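Data first, discussion second: the structure below is written as C-alpha cells.
The values are calculated or read from the model by the stated rules, or taken from the named source; none is laboratory data. Predicted model only: the values in this text are computed from it and were never measured. Don't worry about glycine lacking a Cβ; one is built from the backbone with ideal geometry, like all the others, and counts go over all protein chains shown.
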Amino acid sequence: QLGQPRGQGAAVAAKAAELAARLLDRAVGLFDQHGEADVIAAQKTNLYDIAPRLPGSDVLDGRPAREEQAFAVPKGRDAAGLAYLRSFVQDAKDRGLVQRAIDRVGIRGVRVAP
C-alpha cells in the first residue's frame with residue numbers, strides 16, 4: 001500500500017508504535033492510579049482519547065509544540081512529479097478536503113497546516 005512502511009522499516013515502525021503505546025499507558029497509570037504524575041504530555045489526539053478515563057482531567061488549549069507531516073519521493077524522481085505533489089496537497093487543503101477528512105473521522109486537536 002502507498003505510504004506503508006515495508007521490510008525492515010515496517011518492523012521499526014511497529015516497534016516504535018508499541019513502545020509509544022506502552023509509555024503512554026504507563027504515564028496514565030502514574031497519573032491516575034498512583035498520583036505520582038501531575039501532567040501528561042502527548043499528542044493532543046491521544047490526550048483526547050485518554051481524558052475520559054481520567055475523571056476530572058482536562059486537555060489544555062494551545063500547543064507547546066507541533067508535529068509536522070511530510071511526503072517523500074524517491075531520489076532522482078523528476079522535478080515535475082514533486083511540483084505536482086506540492087500542487088495536489090495545496091489544492092486539497094485549499095478546497096477543504098483535508099479538513100473534511102479530519103472532521104469525518106472525528107480527530108480532535110488537529111489543525112490543517114496553512
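Some values worked out for this structure:
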{"quantity": "Pairs where the first residue, in region 56-72, is more than 13 Å from Arg111 (Cα to Cα) and the second is aromatic (Phe, Trp, Tyr), C-beta under 7 Å, 6+ apart", "calculated": "Val59/Tyr48"}
{"quantity": "Any pair with Cβ under 9 angstrom, 6 or more apart, that starts in region 94-114 at a residue that is in the same structural domain as Gln43 (by TED's automatic domain parsing) and ends at one that is surrounded by 12 or more Cβ atoms within 10 Å (Cβ to Cβ) and small (Gly, Ala, Ser)", "calculated": "none"}
{"quantity": "Of residues in region 74-87 being of a type in the set (A, V, I, L, M, F, W, C) and exposed (fewer than 11 other Cβ atoms within 10 Å of the Cβ), the one nearest to Val110 (Cα to Cα)", "calculated": "Ala83"}
{"quantity": "Lone qualifier among Arg108, Arg66 - being charged (D, E, K, R) and touching a helix residue (DSSP H, G or I) at 6+ places or on another chain (Cβ under 6 Å)", "calculated": "Arg108"}
{"quantity": "Ile102 being closer than 26 Å to Gln43 by Cβ, in a helix (DSSP H, G or I) and β-branched (Val, Ile, Thr)", "calculated": "yes"}
